[in-house]
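Trainee: Have a look at this one.
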Amino acid sequence: MRKNIRSGVASLIALAALACTAGCSTEDAPKAPVRFGDSPGTASRKAAPPGKRSLALMPTHPISFKEQRRVGGAGGNTPIGVTTYRGPKSGFTGKVWVWAPPEYYEKRNADKGFPVMVALPGGPGYPVNYWIGADLKLEENLARWSKEGKSLPFIVVMPVLNPDARQYYDGSDIPGQPKIGTWLSQDVPDLVRANFRTLNTRKGWAMMGSSSGGFVSLKNALQYPDKFAVAIPNGPDIVPDSPLWNGHARQQRENNPEVLAQRLIRKGGPEVYLAFQDGTGEGTVLPKVRKFLARYGRGPVRTRLQLVPGGTHSAHTYVEGMGLGTIQWVSAHMQGPAA
């Protein structure tokens with residue numbers, strides 16, 4: 001199993017972000033707090049007409065985020081914010097970075113909920129999430145694709161993936177360890193709902209990840225199809241293989257995407273949409289992905305594989321793949337902004 005993303009640039013981004021997060025005081029770079037829940041019109045939203053079910057969920061308890069950086073280009077100088085959050089259900093405390101697209105701030109959308117993409121990194125994914133990096137341009141590209149009509153305007157949420165850089169926790173509640181599964185599947189979404197206008201449907205939620213984060217995105221869509229309708233597993237691991245599972249075979253099996261996919265197929269639903277991405281140069285990962293698709297890509301498990309010509313096991317490859325067709329396919333199966 002390959003757990004690291006081979007991207008020297010991405011590593012540098014993560015290190016730079018870590019240096020700023022750990023060492024930049026407000027005196028070094030004074031920035032106003034960011035409050036995503038204080039959009040014009042939010043407080044005065046009218047009730048839905050009788051007989052019509054509202055899809056929009058208004059923020060319940062907005063907090064202030066510290067500005068991390070600004071998203072340029074099509075991103076329109078919108079902020080990425082960061083907070084340190086203690087998950088009430090998991091008891092785990094970690095950093096979460098968030099970004100809202102330019103459309104989120106438009107007056108015409110003030111009463112609309114927006115779809116959410118939880119973006120998970122590869123490698124340890126601690127103490128930073130490299131999807132915040134300006135060089136990877138995830139947010140810039142999503143904003144551009146949205147303007148081009150290729151993508152929905154996603155809120156992007158980027159939590160830490162593991163509680164430390166020493167072990168992999170497989171995005172799961174491994175007995176005796178921090179409850180990272182609960183953190184990612186429950187606490188982080190609850191934080192988003194408390195601070196953003198979101199959608200009251202599972203089709204408003206996607207999880208994207210690379211390598212070890214790709215495994216977690218795949219697992220969550222299959223484990224919680226009532227919460228996440230879509231996953232974008234990039235060069236993912238397929239089965240849980242953390243050494244921390246030793247002595248907990250039953251729990252490990254309950255977090256195995258192969259087992260979860262077979263179970264969902266037997267149940268007959270609900271449908272989940274799995275948009276796999278791999279570079280053609282991923283000699284180790286790609287055969288395992290193809291095997292999974294051949295065995296479990298049927299019934300309610302809807303799948304797509306985007307191959308990136310010449311692509312490697314890297315975050316840059318996966319951003320490129322999203323623009324080649326993945327983001328359009330994903331957006332077609334999700335709910336766009338709605339009141």
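Trainee: Confirm whether Phe276 is within 22 Å of the chain's Cα centre (by Cα) and part of a loop (DSSP other than H, G, I, E, B).
Mentor: No; evaluated as a whole, the condition is false for this residue.
Trainee: Out of (1) of a type in the set (A, V, I, L, M, F, W, C); (2) open to solvent by 10 Å² or more (accessible area, probe 1.4 Å); (3) under 19 Å from the mean Cα position of the chain (by Cα); (4) within 24 Å of Thr201 (Cα to Cα), what's the single condition that is false for Met322?
Mentor: Condition (2) is where Met322 drops out.
Trainee: On to the next question. If you scan the range 189-208, which residues turn out to be open to solvent by less than 40 Å² (accessible area, probe 1.4 Å), more than 15 Å from Ala119 (Cα to Cα) and part of a helix (DSSP H, G or I)?
Mentor: Ala194, Asn195
Trainee: Checking Asn255 against (1) surrounded by fewer than 23 Cβ atoms within 10 Å (Cβ to Cβ); (2) touching a Pro at 6+ places or on another chain (Cβ under 6 Å); (3) outside any helix (DSSP H, G or I), which test does it fail?
Mentor: (1)
Trainee: Kindly evaluate Leu161 against the criterion of being of a type in the set (A, V, I, L, M), in a helix (DSSP H, G or I) and within 25 Å of Gly204 (Cβ to Cβ). I'd like the intermediate steps shown before the answer.
Mentor: Numbers: of a type in the set (A, V, I, L, M): yes; in a helix (DSSP H, G or I): no; within 25 Å of Gly204 (Cβ to Cβ): yes.
Judged against the criteria, Leu161 is not a match.
Trainee: If you don't mind, there's one more thing I want to ask. For residues in the range 83-113 being in a loop (DSSP other than H, G, I, E, B) and out of contact with any helix residue (DSSP H, G or I) (no Cβ under 6 Å at 6 or more places or on another chain), which is farthest from His333 (Cα to Cα)?
Mentor: Within the range 83-113, the first condition is being in a loop (DSSP other than H, G, I, E, B), and the residues that meet it are 87-92, 100-101, 106, 110-112.
With the extra rule that they be out of contact with any helix residue (DSSP H, G or I) (no Cβ under 6 Å at 6 or more places or on another chain), the set shrinks to 88, 91, 100, 106, 110-112.
Details: Pro88: 31, Gly91: 33, Ala100: 20, Glu106: 24, Ala110: 23, Asp111: 22, Lys112: 18 Å.
The residue in question is Gly91.
Trainee: Across the range 141-158, which residue is most open to solvent (accessible area, probe 1.4 Å) among those that are in a loop (DSSP other than H, G, I, E, B) and either among the β-branched types (Val, Ile, Thr) or at negative phi (or both)? Even if it seems obvious, please write down each step before you answer.
Mentor: Step one: list which residues in the range 141-158 are in a loop (DSSP other than H, G, I, E, B), which gives 148-154.
From the residues that got through so far, the ones that are either among the β-branched types (Val, Ile, Thr) or at negative phi (or both) too are 148, 150-154.
Numbers: Glu148: 93, Lys150: 72, Ser151: 12, Leu152: 30, Pro153: 14, Phe154: 1 Å².
Taking the candidates together, the pick is Glu148.
The values are calculated or read from the model by the stated rules, or taken from the named source; none is laboratory data. Please read all numbers here as calculations on a predicted model, not as lab measurements. Cβ coordinates were reconstructed from backbone atoms using ideal geometry, including for glycine residues, and neighbour counts include every protein chain displayed. These area figures cover heavy atoms from the full protein model, side chains too; ligands, DNA and RNA do not enter into them. Shrake-Rupley method; radii C 1.70, N 1.55, O 1.52, S 1.80 Å.
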